[in-house]
Amino acid sequence: MVQSSEKPQIAAGSAAPVERNNVVQLLGNPGSHAITVKGLSKRFQTKAGLVTALSDLNLAVDSGQFLSVVGPSGCGKSTLLKIVAGLVPPSSGTVEVGGKAVVKPYTDVGIVFQRDLLLESRTAIENILLQIEMRGLPVKQYVDKAKDLLEKVGLADFSGKYPRELSGGMRQRVSICRALIHDPPLLLMDEPFGALDALTRDEIALDLAWLCERSRKTVMFITHSISEAVFLSDRVIVMTARPAAIVKDMIVDIARPRSIEQRDSAEFEQHLHQIRELLFHKRNS
Ligand SMILES: Nc1ncnc2c1ncn2[C@@H]1O[C@H](COP(=O)(O)OP(=O)(O)OP(=O)(O)O)[C@@H](O)[C@H]1O
Ligand SMILES: [Mg+2]
């Protein structure tokens, strides 16, 4: 496990609040957006009828910002992430990443899902380098970087191990390394720690914070853990039940590097409280 040692900057904050459909949406700093979502809707045709997962969603994420998305199960979080990744087409509206319209999957991104999706026939380092192979990049030039990443997440001695020889936490660390090896400016993570025990979650959260603080990546991170969201993020958005709308857009102005112990602090608890109240209130209203 790695420890934070430098103090990174909190990414640029958000600006003008905009009222729409009774929700407040903060639209960030114009011109510096890594992700811009405009009027995004997604409907699925199912046997039971039309399911509207997203309806007229607007969101702008600044470059270098760590954004967490929380909200009730089934509200449309994964759908949003898949559309941003270009894996699923929107029904209407637009998504831009780095100023370019997203119309299909693209390569300048690292994606981590809840299941690590490692290939069992490949060792840890071979799984990481798969990312390079798939992109047609020179694999040999990335071997040292893969080793370096493994070392940073405490797996220096495991590079030659097969996934079956690794714990769930180790496997997910390898998949995070795989998402980072090509140094993408954008990281999309959908409940990456969902299958892990609480202690391992904390450890990997520290690893992820450390890695992201150094490389200033833009991150969209979906989680059911409010505490994890506040701990990792520069900004947290809270979604309503389906179709998802943003009910809270919160800047987490807690200094970095953050330690696990800080989670007991009053300022941390304050942030948690704001989110909890919204989620709980919405569920009961
Ligand atoms: N391919 C699909 N076909 C039909 N309906 C879908 C499809 N994908 C998602 N949905 C529906 O869209 C809604 C949003 O799903 P989504 O997976 O985005 O939710 P989520 O917020 O990620 O939920 P969870 O927190 O449980 O992962 C749900 O009602 C889901 O059933
Ligand atoms: Mg989901």
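The numbers here are math on the coordinates, done by the rules we state, and not lab data. Quick caveat: nothing in here was measured; it's all calculated off a predicted structure. All Cβ positions, glycine included, derive from the backbone under ideal geometry; neighbour counts span all protein chains shown.
So the values come out like this:
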item	result
Cross-link partners of LYS152 among aspartates and glutamates (Cα-Cα below 19 Å; sequence separation of 8 or more within a chain)	GLU6, ASP116, GLU126, ASP144, ASP183, ASP202, GLU203, ASP207, GLU213
The chain: proportion of alpha-carbon pairs further apart than 31 angstrom, %	26 percent
Sequence-separation-based contact order of region 64-173, relative, with Cα cut under 8 Å and 6+ spacing, percent	20 percent
Burial ordering of ASP116, ASP148, fewest other beta-carbon atoms within 10 Å first	ASP148, ASP116
Among ARG235, ARG173, ARG164, residue whose mean-square fluctuation peaks in a GNM of the chain (springs only between Cα atoms under 10 Å)	ARG164
Lysines with Cα under 19 Å of LYS145, excluding same-chain neighbours fewer than 8 positions away	LYS161, LYS217
Which of SER259, SER55 has the fewest Cβ neighbours within 10 Å, and the rest in rising order	SER259, SER55
Sparsely packed GluC sites (Glu not before Pro) within region 95-149, loop by DSSP, other Cβ within 10 Å at most 10	GLU120
Ellipsoid semi-axes in whole angstrom, largest first, where each is sqrt(5λ) of the Cα gyration tensor of region 102-244	25, 18, 14
Per-selection Kirkwood Rh - region 118-183 (Cα, Å, 1 d.p.)	11.3 Å
Ascending count of other beta-carbon atoms within 10 Å, so fewest first, for ARG258, ARG122, ARG178	ARG122, ARG258, ARG178
Length-normalised contact order for the chain - Cα pairs under 8 Å, 6+ apart - percent	26 percent
The chain: angle of helix 124-134 to the longest principal axis, Cα-based, in degrees nearest 10	70 degrees
